[in-house]
RNA sequence: GGGCGACUAGCUCAGUUGGCUAGAGCAUCGGCCUUACAAGCCGAGGGUCAAAGGUUCGAGCCCUUUGUCGCCCACCA
């Protein structure tokens with residue numbers, strides 16, 4: 001048989017297995033109506049950059065569920081793809097062009113688009129290659145891109161239908177504008193940050209009926225003095241005592257030299273500032289609403305470049321916002337309108353993409369009416385037709401629905417889906433058309449102008465679960481795999497993406513986009529910071545793969561999977577754990593492989609599930625328990641626990657106990673016993689490989705192949721295509737409890753070896769005193785003690801030893817074990833210390849028992865079986881301590897004597 | 001300001017419907033190159049379950065209040 005190295009070459013194996021998978025198209029899914037459908041769409045990575053740990057987190061869990069369902073006999077598909085990521089990509093490419101000495105502003109729309117396409121396709125390839133390298137079992141033949149032909153058609157179709165339904169409209173509204181990106185944004189695209197700024201108190205003098213400016217005036221407080229140039233009113237609360245007797249209805253706006261009304265509105269807080277608020281409808285969302293309520297004019301004084309414009313006084317025109325602010329404050333001071341300045345912490349709104357401060361301003365944009373659409377999604381989630389995990393996220397979702405505003409869907413970019421609305425140059429007729437119209441539908445004029453704005457990236461993303469399956473056409477895929485089974489997504493894009501998919505799917509398919517939505521947190525560094533290039537805590541996954549291997553990184557990420565928690569912290573040390581696990585798996589399998597000989601190469605190892613050897617039965621029973629627990633955890637989307645459960649079974653029960661215990665049988669002359677031991681090991685190993693293959697597909701696939709080769713089995717199928725584990729064996733509770741007793745005894749014997757410096761190779765003879773049925777358990781599984789502690793039971797007692805000469809006593813839960821010593825190595829003081837400590841431990845437990853049992857209420861109200869258990873425990877502890885005390889007095893006698 | 005979540009060993013986290021002396025991994029300390037694995041094995045130490053109160057025979061778990069941290073939302077300029 002071939003030599004198998006201790007440490008495997010992960011890069012080599014990854015490449016080799018990856019190639020095999022790709023060649024044989026194993027990830028490709030065909031519709032199989034005899035099976036239940038299972039479908040996932042990938043959250044499409046942005047073509048802006050390359051994959052990062054967040055993507056790995058996202059996709060590792062998807063791959064696990066896909067592989068799990070595939071093995072469980074579902075017709076499972078995973079649709080991969082990428083997102084054009086409008087603003088991000090355009091920004092990145094622009095920066096890139098600047099670096100190359102090209103000014104993107106000088107390029108034509110077409111030329112810029114070509115540059116972006118080139119960049120995007122390049123990154124799309126990189127991402128695809130990375131996803132493949134990670135072993136994700138996506139159906140690459142169904143790969144999609146949000147700007148590909150089919151998806152573009154879907155976008156146009158969706159737009160036109162919404163437009164024709166009157167849900168999309170164009171309007172001049174106040175929008176969040178980023179002057180650096182040069183486009184409007186939706187509410188969800190913004191971030192809010194705490195900002196230490198100043199609060200300026202400015203006096204607006206009163207104006208009487210005859211338009212005379214008075215000496216006194218109303219003092220307003222503002223964080224943005226420059227916007228006063230666009231003020232159209234001052235608002236006060238009608239309930240405010242301070243202004244109840246106010247006789248003036250107008251005031252003078254300094255610097256702008258206008259007279260503006262004083263209005264009354266309940267929105268003004270009574271306990272903030274002076275109780276008077278300046279109203280700037282053109283540059284503040286609240287003020288915009290107030291302006292609408294009171295029919296106030298809108299005066300825009302800031303343009304899209306963030307510069308002051310007319311009708312502001314000439315002096316300020318052309319200044320940028322911060323400069324204007326300084327000049328205006330100076331002028332206010334000079335003209336004695338500035339009352340005071342306070343330090344103030346407020347929230348500042350920034351562009352999520354470029355972190356520039358957002359300027360609310362009036363602009364013509366396209367909007368989607370969201371209220372009714374969102375309401376339908378709300379009812380669907382309320383009716384639990386879509387399950388959201390964790391449950392607490394439902395509240396966030398409902399909050400989003402309840403506070404929904406119309407969605408600004410137009411972006412002033414070139415990269416994206418150009419809005420399919422055409423204006424007749426002759427009669428100004430607006431037409432939304434899926435295909436470019438040849439003539440005006442009203443007047444027949446042939447000169448038409450398409451909108452230059454593109455749609456918000458999330459508009460196409462919102463269609464993703466069904467557009468990728470062929471919508472707007474009626475396809476068999478849509479029929480079979482839609483709605484998708486589960487969507488796995490980061491919690492951070494719940495509002496951007498998940499909610500909008502619900503809205504769009506319900507509108508266009510009359511169906512939910514996914515049955516279950518699973519949200520997870522983010523990966524952070526060991527200090528809990530977000531991973532970012534600027535912080536320098538960002539690990540390039542490629543470097544991690546090179547150092548630790550894909551499987552190790554996947555194992556680490558999955559074991560930390562932050563479901564139902566905040567975020568998870570991962571440090572470099574954690575990857576070592578992942579790698580250690582993979583290596584352990586490799587070596588345990590290597591051990592089995594090297595033990596397979598001609599007479600143990602049996603094809604039908606399945607039948608060795610029914611070996612009647614006790615330890616074989618035990619490991620099979622533990623395997624069964626592991627599979628059940630593992631599957632239950634997965635079913636509950638508690639994926640890290642599923643993985644931890646499996647790892648614990650593998651490392652503990654299988655490696656540390658089972659393999660160690662069967663070693664002598666592998667050299668046994670009894671061929672049947674040898675075969676049984678090995679085949680049980682192979683059988684359990686294969687099931688372990690199957691379970692691990694959900695998470696660490698490469699090493700498991702490779703080991704599966706090695707096992708098959710070594711056993712001369714030609715299954716010609718991949719591990720990922722095998723069936724999931726059947727757990728049809730009896731539970732074997734007796735053996736499990738007997739093993740538990742023996743394992744505890746082994747640990748105690750080992751501890752005594754440490755304590756008294758007895759080498760492992762020194763064979764130990766043990767006397768055991770315990771209850772009769774326990775004694776049997778020790779006797780029947782004595783080989784456990786033999787093989788893992790090099791100890792042998794030479795005596796079974798029905799009562800504790802009276803004298804300790806030549807023995808080390810071990811207190812068991814019920815009874816005692818005694819290690820027989822050779823003369824001269826008894827350390828009485830050590831033993832005495834040990835016994836004293838044990839007595840103290842027991843006393844502690846006894847105290848609890850006594851307290852509980854002396855409580856009359858407890859005896860009356862607690863369930864009988866629990867009371868009985870405590871009584872039993874108390875009895876054992878008392879007996880145990882009585883014996884221990886007698887030993888102590890013997891010891892003391894010996895010491896004194 | 002509102003909502004949600006977290007707080008358990010030095011660190012990262014488990015802990016099902018309340019019921020054995022509260023667990024795991026890492027880290028620490030100690031012992032082993034024992035024939036799969038030193039990227040390993042064996043063993044030990046380490047916790048007033050954030051605080052206080054309440055319900056209960058019994059609370060890490062349920063209720064109330066407080067504190068700290070995190071996230072989301074928000075029209076106090």
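Computed from the coordinates by the stated procedures, all read-outs in this text should not be read as laboratory data. None of these values were measured; they are calculated from a predicted model. For neighbour counting, all protein chains shown are included, and Cβ atoms are generated from backbone atoms with ideal geometry for every residue, glycine included.
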In chain A, what % of DSSP beta bridges are antiparallel (nearest 5)? 70 percent
Taking the Cβ-Cβ separation of residue A:792 and residue A:346 as r and a Förster radius of 56 Å, what is the calculated FRET efficiency to the nearest 0.05? 0.10
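Got a sec? How would A:745, A:121, A:671 order by Cβ neighbour count within 10 Å, fewest to most?
Taking fewest neighbouring Cβ atoms as first place, the list is A:671, A:121, A:745.
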Could you give the Stokes-Einstein D for the range A:107-151 in µm² per second, using the C-alpha Kirkwood radius, 25 °C, 0.890 mPa s? 202 µm²/s
How large is Rg over Rh for the range A:394-433, taking Rg from the Cα atoms and Rh as the Kirkwood inverse mean of 1/r across Cα pairs? 1.23
Where does the range A:654-810 land on Rg/Rh, using Cα atoms and the Kirkwood Rh? 1.08
Rg and Dmax of the range A:790-897, Cα atoms, in Å? 16.8, 55
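Could you calculate the contour length gain from residue A:304 to residue A:772, that is, 0.36 nm times the residue separation minus the distance between their Cα atoms, to one decimal place in nm?
Values: separation 468, 0.36 × 468 = 168.48 nm, distance 8.93 nm.
Between residue A:304 and residue A:772, full extension yields an extra 159.6 nm.
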So, relative contact order of chain A in percent, Cα under 8 Å, 6 or more apart, is 11 percent
I need the per residue convex hull volume for the range A:206-299, using only the alpha carbons, in cubic angstrom as a whole number. 96 Å³
A:433, A:12, A:477 arranged by Cβ crowding within 10 Å, fewest neighbours leading: A:12, A:433, A:477
Kirkwood-based Rg/Rh on the Cα set of the range A:113-268 evaluates to 1.23
Could you work out how far apart the two model spin labels at residue A:196 and residue A:747 are, taking each label as a point 7 Å from the Cα in the direction of the beta carbon, and quote it in nm? 5.3 nm
How fast does the range A:369-450 diffuse by Stokes-Einstein, in µm²/s, taking the Kirkwood radius from C-alpha pairs at 25 °C and 0.890 mPa s? 153 µm²/s
Can you sort A:118, A:143, A:759 from fewest to most other Cβ atoms within 10 Å of each residue's own Cβ? A:759, A:118, A:143
Using a Förster distance of 45 Å, how high is the FRET efficiency between residue A:872 and residue A:516, based on the Cβ-Cβ distance and rounded to 0.05? 0.50
Considering the Cα positions of the range A:251-373, please state its Rg to one decimal place and its Dmax as a whole number of Å. 16.3, 53
Along Cα→Cβ, 7 Å out, is where each label goes; now give me the distance between the ones at residue A:756 and residue A:833 in nm to one decimal. 1.5 nm
How high is the FRET efficiency from residue A:405 to residue A:16, r the C-beta distance, R0 51 Å, rounded to 0.05? 0.40
Compute and list, largest first, the equivalent-ellipsoid semi-axes of the range A:25-183 from the alpha carbon gyration tensor, each √(5λ) rounded to a whole angstrom. 34, 22, 14
At q = 0.12, 0.22, 0.28 Å⁻¹, what base-10 log of I(q)/I(0) does the Debye formula yield for the range A:303-376 when every alpha carbon is treated as an equal point scatterer in vacuo? -0.57, -1.18, -1.26
Average projection area in nm² (convex hull over Cα atoms of chain A, one quarter of hull surface): 53.9 nm²
Would you kindly state how much longer the chain becomes between residue A:118 and residue A:269 on full extension, computed as 0.36 nm times their sequence separation minus their alpha carbon distance, in nm to one decimal? 49.0 nm
Scattering curve values for the range A:378-519, log₁₀ I(q)/I(0), Debye with Cα scatterers, q = 0.18, 0.22 Å⁻¹: -1.04, -1.29
Mean projected area, convex hull of alpha-carbon positions in the range A:724-819, reported to one decimal in nm², is 7.6 nm²
Report the Cα centroid-to-centroid distance between the range A:273-316 and the range A:447-495 in angstrom, as an integer. 38 Å
Report the full-extension gain for the segment residue A:856 to residue A:672: residue separation times 0.36 nm, less the Cα-Cα distance, to one decimal in nm. 60.3 nm
